[in-house]
Structure formats: structure tokens, C-alpha cells
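This report concerns only the one structure given below.
The values are calculated or read from the model by the stated rules, or taken from the named source; none is laboratory data. Treat the numbers as computed from the prediction; the structure is a model and nothing was measured. Here Cβ is always computed from backbone atoms with ideal geometry, including for glycine, and neighbour counts include all displayed protein chains.
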């Protein structure tokens with residue numbers, strides 16, 4: 001899976017322009033909220049946000065910035081999952097999901113040492129992921145994807161429980177985002 005395919009999939013799920021009063025993100029196009037657009041230098045009407053701009057934001061903020069591009073060198077599928085999670089929950093949350101799962105899947109540190117769960121993908125996290133995948137192979141990759149999706153689904157439950165208006169979105173989140 002290439003970054004272009006990852007971004008295409010995210011944009012397909014996110015769709016075009018929306019401004020749902022129940023959505024805390026406000027005006028959104030291609031999944032880019034008005035707040036994210038402004039932080040990245042776009043000041044125009046969200047209805048006119050260019051696709052190329054959205055793609056640039058996804059690449060820089062949700063793929064390269066959190067070092068999911070480095071994860072992709074080890075597992076494109078895990079990088080795709082992390083990128084998708086980051087779009088909806090933030091890059092720190094996505095990275096923390098990975099780190100926490102790596103820590104509980106290291107067989108009490110027999111496979112590799114615990115990684116500091118700090119929400120930052122650095123060399124230690126990458127080394128642990130590489131050791132995990134080397135030890136567990138393709139089956140381990142699938143299990144880790146299920147684990148990451150389990151965390152994502154649990155977080156969606158918390159989000160919906162914490163804000164009643166989010167009940168409008170939980171079905172779609174689970175349908176389109178919690179996928180292995």
C-alpha cells in the first residue's frame with residue numbers, strides 16, 4: 001500500500017464538503033477540518049479547499065510528521081491503520097495505541113524491551129515493531145492490526161459516550177474505520 005493509496009482511501013471515506021452542526025469539527029472538506037486547514041495555512045472557504053492541499057496535509061501531518069512513513073517500511077498495512085487512526089483521533093493517540101500493544105505483546109520482554117509509551121514514533125518504537133514482526137511474521141501483523149482496531153473501536157465508544165451528538169457517527173466510524 002502506497003501513501004497515495006492510503007490518502008485516496010481516507011478521502012474516499014471522508015467524502016467532500018460537510019458542515020454538520022452535530023460535528024465538533026465544523027466545516028470540513030476531504031476530511032480536513034477548518035481548524036486543521038487554518039493551522040496549515042489555508043484561509044479560504046472550506047467549500048473551495050483544493051484536493052492537492054488536503055493531500056499535502058495528510059502526507060505531512062498524518063504520515064511523515066508522526067513517522068508513519070518509517071512504519072510503512074516495516075509494514076505498509078500497519079502504517080495505513082495508524083494514519084487512518086491519526087486522522088480521526090490524532091497522531092499521538094495512534095502512536096500510543098501501537099506502543100501500548102507492542103509492550104504487551106513482547107512476552108514479558110523476552111522478544112524485545114518495552115518501548116516508552118510517549119506517543120512518538122522514534123527508533124526504539126521502530127526497533128520493537130521490527131522485532132515483533134520478525135518474531136511473529138504475517139500472522140503477527142494481522143494480530144497487531146486487530147489489536148490496533150480494537151483500541152480504535154474502544155476509543156470511538158468512549159467518544160460517543162462522552163458526547164451524545166457523536167452517536168450520529170459511531171455506526172459509520174465502526175463500519176468504515178475499524179477494518180482489518
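Considering each residue of the range 30-52, count those that are within 19 Å of residue 173 (Cβ to Cβ) and either touching a residue at least 40 places away in the same chain (Cβ under 8 Å) or more than 18 Å from the chain's Cα centre (by Cα) (or both), and give that number.
Count: 1.
Mind checking whether some residue in the range 85-106 is free of Cβ contacts under 8 Å to residues at least 12 places away in the same chain and more than 26 Å from residue 20 (Cα to Cα)?
Yes: one or more hits.
For the range 80-92, enumerate the residues that are within 8 Å of the chain's Cα centre (by Cα) and part of a helix (DSSP H, G or I).
80, 81, 82, 83, 84, 85, 86, 87, 88, 89, 91
Among the residues of the range 11-23, which ones are surrounded by 12 or more Cβ atoms within 10 Å (Cβ to Cβ) and either touching a helix residue (DSSP H, G or I) at 6+ places or on another chain (Cβ under 6 Å) or over 28 Å from residue 71 (Cβ atoms) (or both)?
Residues satisfying the conditions are 13, 16, 17, 18, 19, 20, 23.
Of the numbered conditions (1) under 19 Å from residue 65 (Cβ atoms); (2) surrounded by fewer than 17 Cβ atoms within 10 Å (Cβ to Cβ); (3) in contact with a helix residue (DSSP H, G or I) (Cβ under 8 Å, 6 or more places away or on another chain), residue 52 satisfies every one except a single condition; which is it?
The single condition residue 52 does not satisfy is (3).
Of all residues being modelled with pLDDT of 95 or more and closer than 14 Å to residue 78 by Cα in the range 148-180, which is surrounded by the fewest Cβ atoms within 10 Å (Cβ to Cβ)? Just the residue, please.
150
State yes or no: is residue 88 under 19 Å from residue 152 (Cβ atoms), crowded, with 19+ Cβ neighbours inside 10 Å and modelled with pLDDT under 95?
Yes: the conditions hold for residue 88.
Among the numbered criteria (1) outside any helix (DSSP H, G or I); (2) more than 21 Å from residue 146 (Cα to Cα), which single criterion is violated by residue 107?
With (1) outside any helix (DSSP H, G or I); (2) more than 21 Å from residue 146 (Cα to Cα) applied to residue 107, the lone miss is (2).
Looking at the structure I just gave you, is residue 29 surrounded by fewer than 16 Cβ atoms within 10 Å (Cβ to Cβ) and touching a strand residue (DSSP E or B) at 6+ places or on another chain (Cβ under 6 Å)?
So residue 29 fails the test.
Can you tell me which residue in the range 2-19 is farthest from the chain's Cα centre (by Cα), limited to those that are in a loop (DSSP other than H, G, I, E, B) and either at positive phi or without any contact (Cβ under 8 Å) to a residue 24 or more places away in the chain (or both)?
Here the residue is 16.
Among (1) under 21 Å from residue 72 (Cβ atoms); (2) at pLDDT below 95, where does residue 7 come up short?
It fails just one condition, (2).
Residue by residue, here is whether (1) touching a strand residue (DSSP E or B) at 6+ places or on another chain (Cβ under 8 Å); (2) surrounded by 19 or more Cβ atoms within 10 Å (Cβ to Cβ); (3) outside any loop (DSSP other than H, G, I, E, B) holds:
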{"site": "101", "(1), (2), (3)": "no, yes, yes"}
{"site": "121", "(1), (2), (3)": "no, yes, no"}
{"site": "131", "(1), (2), (3)": "no, no, yes"}
{"site": "134", "(1), (2), (3)": "no, no, yes"}
{"site": "143", "(1), (2), (3)": "no, no, yes"}
{"site": "146", "(1), (2), (3)": "no, no, yes"}
